[in-house]
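Down below is the structure, laid out as structure tokens.
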Amino acid sequence: MTNPIKVSRQVSQSVVMQAIAQNGPISRASLAKQSGLSKQTISEVVKQLELNNWVKVTGQTSGHIGRTAVTYEVNPMSSGVIVVDLGGTKVRAVAVDLVGNITSDLTELTDPKGKYAVIEQIVRMCKAVMELSPIKSDLIKLAVVGVPGVPDPGTGSINMAPNIEGLDEINVSKLISDDLGVEVVLENDVNLAVLGEQWLGDDESEFGLDNLVFISLGTGIGAGIIINGQIVRGVYGAAGELGFLPFGGDATSREALRAGALENSVGTDAIVKLYHSKTNADKSVKEIFALAVSGDEIANEIVSEIGFGMARAIAAITSIIDPEKVIMGGSIGSQDILIKAIQNHLPKFMNNIPKVAVSTLDGNAALIGGIAIGLEQRHATLFAPDMGNSMVTQFPAPDRSRFLGKLK
């Protein structure tokens, strides 16, 4: 049975750490006022945190009648997290300190051999960013890996990841964990993206980003869904596998069962094939969209067709979960001309239309989401280990403009 005194101490410690992370530099008097804890409890907790090097004195602030108060902030170098954003074409690894600052960063093309080659690449990149980071390697105990598929918590494999071969045949989390010597958390990359938008996105919403969908459209298509502030994963973790919506093509074909009927009609390969069928010319998606922007009639027809398919997909989602906002991302989904096409087609399918907008996180939404849950889990493990993540519902986000300004 958990000791209630120990639990109470951990609750106080977690509350104080979150307050310091969000408002530091901050005095003990201000901590007591914001947290509701007694001054004695605050003094005891802060003293212990300082002894353990989790927080540090940063200066003094003027108090009443000439008195001064010592101020504290989180010691960012006292721990860290590795975050990996694995995509079908690129893989990025960063080391992050205890307040979310990226301390080292590495990007490579994804190894085309897939399977063990990709695992070896991830491990090598993680070791490289750990070595490059000023955080001591033995203080980094967690790696969050965003993957383009559905993690299976039972086997550690990645299902529904057709763009990287072999990940469904191996225990991805164990292989990475054993080689790095840290705990590994696997999460679907689009789930991370919607969490990133919730944590640090451009919130112009009247209600806050508690009912939100993030759709990533590029080589493939997927959706991250937040309802009432909580991520929706489904019983097998496959909630939001939008590519498998049964329209846009023969949903019963072998290819549709592998990658999804909708994905086969709106993804990168579909756009390239569609342009070739209309012109007998080979163009990349980037070139096709550039032609559309310049006014090319056929390219604009294709963008309109893709917009129609996406509008129908958004209508299907909206009819079930009624989100306030749909955020588009990915190499195709973030194109302004596609957003306009979607907005033009949506009234054909529905009356109550959610706001559809492009992500303002410059393609970093999944990475930012990985940082958010990495910090949440690390703080929970360090400061409230008997309480799980219940004590850190959402780690305080950094200053948005400053953070994005430093993020490449």
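The values are calculated or read from the model by the stated rules, or taken from the named source; none is laboratory data. Just so you know, these numbers come straight off a predicted model, no measurement behind them. So basically every Cβ, Gly included, is an ideal-geometry build from the backbone, and we count neighbours across all protein chains shown.
If you go through region 1-39 and keep only what is at pLDDT 85 or above, part of a helix (DSSP H, G or I) and of a type in the set (A, V, I, L, M, F, W, C), you end up with 15, 16, 17, 19, 20, 21, 29, 31, 32.
Selection of region 333-355 for residues being β-branched (Val, Ile, Thr) and at pLDDT 95 or above yields 337, 339, 342. Only one entry of 176, 164 meets the criterion of being under 19 Å from residue 85 (Cβ atoms) and at pLDDT 95 or above, and that entry is 176.
For (1) buried (at least 22 other Cβ atoms within 10 Å of the Cβ); (2) of a type in the set (A, V, I, L, M, F, W, C); (3) closer than 24 Å to residue 309 by Cβ, each residue gets a yes or a no:
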position: 192; (1), (2), (3): yes, yes, no
position: 219; (1), (2), (3): no, no, yes
position: 225; (1), (2), (3): yes, yes, yes
position: 252; (1), (2), (3): no, no, yes
position: 256; (1), (2), (3): no, yes, yes
position: 279; (1), (2), (3): no, no, yes
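For region 237-247, the criterion of being among the acidic types (Asp, Glu) and either within 30 Å of residue 155 (Cα to Cα) or outside the structural domain of residue 336 (by TED's automatic domain parsing) (or both) is met by at least one residue. With respect to (1) surrounded by fewer than 21 Cβ atoms within 10 Å (Cβ to Cβ); (2) acidic (Asp, Glu); (3) touching a strand residue (DSSP E or B) at 6+ places or on another chain (Cβ under 9 Å), the lone exception for residue 44 is condition (3).
Would you check if residue 233 is basic (Lys, Arg), outside any helix (DSSP H, G or I) and modelled with pLDDT under 95? Judged against the criteria, residue 233 is a match.
A quick yes/no check of all residues on (1) under 18 Å from residue 162 (Cα atoms); (2) touching a residue at least 40 places away in the same chain (Cβ under 8 Å):
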position: 212; (1), (2): no, yes
position: 219; (1), (2): yes, yes
position: 223; (1), (2): yes, yes
position: 229; (1), (2): no, no
position: 234; (1), (2): no, no
position: 237; (1), (2): yes, yes
position: 240; (1), (2): yes, yes
position: 247; (1), (2): no, yes
